[in-house]
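The values are calculated or read from the model by the stated rules, or taken from the named source; none is laboratory data. Model, not experiment: these values are computed from the prediction. Heads up, the Cβs are rebuilt from the backbone with ideal geometry, glycines too, and the neighbour counts pull from every protein chain shown.
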């Protein structure tokens with residue numbers, strides 16, 4: 001069972017995601033696969049990273065080294081997300097670069 005403190009932290013992070021979605025109304029989606037959404041925000045920052053959502057769970061993964069910066073996914077879901085990011089790393093980086101080079 002997850003601790004209340006962890007759930008509160010997750011809730012605050014999820015609220016931030018929803019607020020950002022409402023403000024920007026634009027989340028470049030890189031891939032939808034097996035119920036997972038891989039995306040970044042239109043106003044992102046370095047280092048290059050990808051957000052992954054599945055239902056109400058999410059993670060943030062740096063592209064350069066596949067470091068998990070933030071995680072609220074189940075272990076098997078995180079493993080799957082990391083495999084997908086690793087598989088599509090070059091494509092995700094290319095899209096990130098194209099998106100932010102235009103700005």
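Brief remarks follow.
- Figure legend. Inter-residue proximity from the stretch 43-68: first residues on the phi > 0 side of the Ramachandran plot, second residues surrounded by fewer than 19 Cβ atoms within 10 Å (Cβ to Cβ) and part of a loop (DSSP other than H, G, I, E, B), beta-carbon distance below 9 Å, spacing 6+ or different chains. Indicated pairs: 55/35.
- Reported count of residues in the stretch 81-103, each being within 18 Å of residue 42 (Cβ to Cβ) and either under 14 Å from the mean Cα position of the chain (by Cα) or in a helix (DSSP H, G or I) (or both), is 10.
- The residue of the stretch 37-55 that is nearest to the chain's Cα centre (by Cα), among those that are modelled with pLDDT under 90 and closer than 20 Å to residue 81 by Cβ, is 41.
- Of the candidates 71, 34, the single residue that is crowded, with 16+ Cβ neighbours inside 10 Å and within 16 Å of residue 86 (Cβ to Cβ) is 71.
- The stretch 51-80, residues that are closer than 20 Å to residue 95 by Cα and outside any strand (DSSP E or B): 63, 64, 65, 66, 67
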